[in-house]
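A.B. asks: Below is one structure. I have some questions about it.
Please treat every number below as a calculation from the coordinates, not as lab data. The shown structure was predicted, so the numbers you read here are calculated from the model rather than taken from an experiment. Positions of Cβ are backbone-derived with ideal geometry, glycine not excepted, and every protein chain shown enters the neighbour counts.
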Amino acid sequence: MICAQCCKGFDGIGMICQVCAQESGLTDAQPEEYVEETYTDYDDVDEAFPCNRFYRFTASLFDTFLVTGIGVLIFLVLHPQKSVFFILSLPTYNIFVMVFSIFYAVVLEYGAGATFGKAMHGLSVRRSGGGRITFLQALFRYIAQYAFLLPVIPMIILFAVGRPDVARTFSVLSGVIFVVSNAMYLFTDQHQALHDLMSGCVIKQAREVSPFWSLLALIVFCGSVFGVVHFSYDEMKAEFERRERSSISRYR
């Protein structure tokens with residue numbers, strides 16, 4: 001029940017709680033403890049507000065940092081003499097990150113309703129009509145999110161056959177579509193991206209959290225990117241120049 005005077009929840013019958021009744025002199029009963037309504041239980045999350053847009057953004061940064069960081073640590077153990085940039089450029093590393101990302105996102109969102117990044121920000125992935133998402137929904141949501149990066153495959157082939165100009169067109173096109181489709185949550189009423197709409201999902205703000213975690217995720221992600229670029233700049237520059245010379249020679 002909701003008290004008509006103080007608008008707080010209470011157990012019992014009547015129009016007002018015992019605290020307000022005692023203060024008004026209507027009863028001699030001892031005041032009872034307030035029962036505050038929260039949305040920490042996943043059964044009630046469907047009544048919560050759509051996710052905080054900034055929290056959703058920084059949660060995705062945290063998940064990206066976590067998945068790629070675990071991959072880098074594993075491959076540094078396998079290749080202890082190599083740099084982080086060398087690890088990031090390995091095809092086997094990128095395949096590992098792709099497979100691990102599917103396992104990480106699908107299993108956690110289906111089983112717990114949120115990845116570690118989303119849970120840290122108080123977010124939960126739900127069905128648009130209410131209820132927990134199914135395994136197929138979780139899988140399709142992830143596939144739909146990265147489906148627009150499929151032009152990367154013909155882009156790699158075009159680079160291999162000596163057509164870097166056409167490959168760059170594919171790269172720019174797929175990148176623009178990917179960014180636009182994932183940024184749609186900034187403009188939709190329920191803060192849904194395109195892959196949310198396609199899979200019938202919505203991200204809810206299951207509980208309020210401190211913005212400290214969001215700022216921490218942003219700082220850690222930006223710091224890790226800066227560190228990789230700073231310590232691998234010379235190697236990155238040399239590798240890009242080598243690939244450019246190789247592409248030009250093949251094209252000729």
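A.B. asks: Could you state, as a whole-number percent, how many of the C-alpha pairs of segment 89-129 are farther apart than 11 Å?
C.D. replies: 65
A.B. asks: Tell me, what is the FRET efficiency for residue 92 and residue 209 to the nearest 0.05, using R0 = 41 angstrom and their Cβ-Cβ distance as r?
C.D. replies: So the FRET efficiency works out to roughly 0.65.
A.B. asks: Would you mind ranking 6, 20 so that the residue whose beta carbon has the fewest other beta carbons within 10 Å leads the list?
C.D. replies: 6, 20
A.B. asks: Considering only DSSP states other than H, G, I, E and B, which chymotrypsin sites (Phe, Trp or Tyr not before Pro) in segment 94-150 qualify as loop sites with at most 15 other Cβ atoms within 10 Å?
C.D. replies: Hits after loop and neighbour filter: nothing returned.
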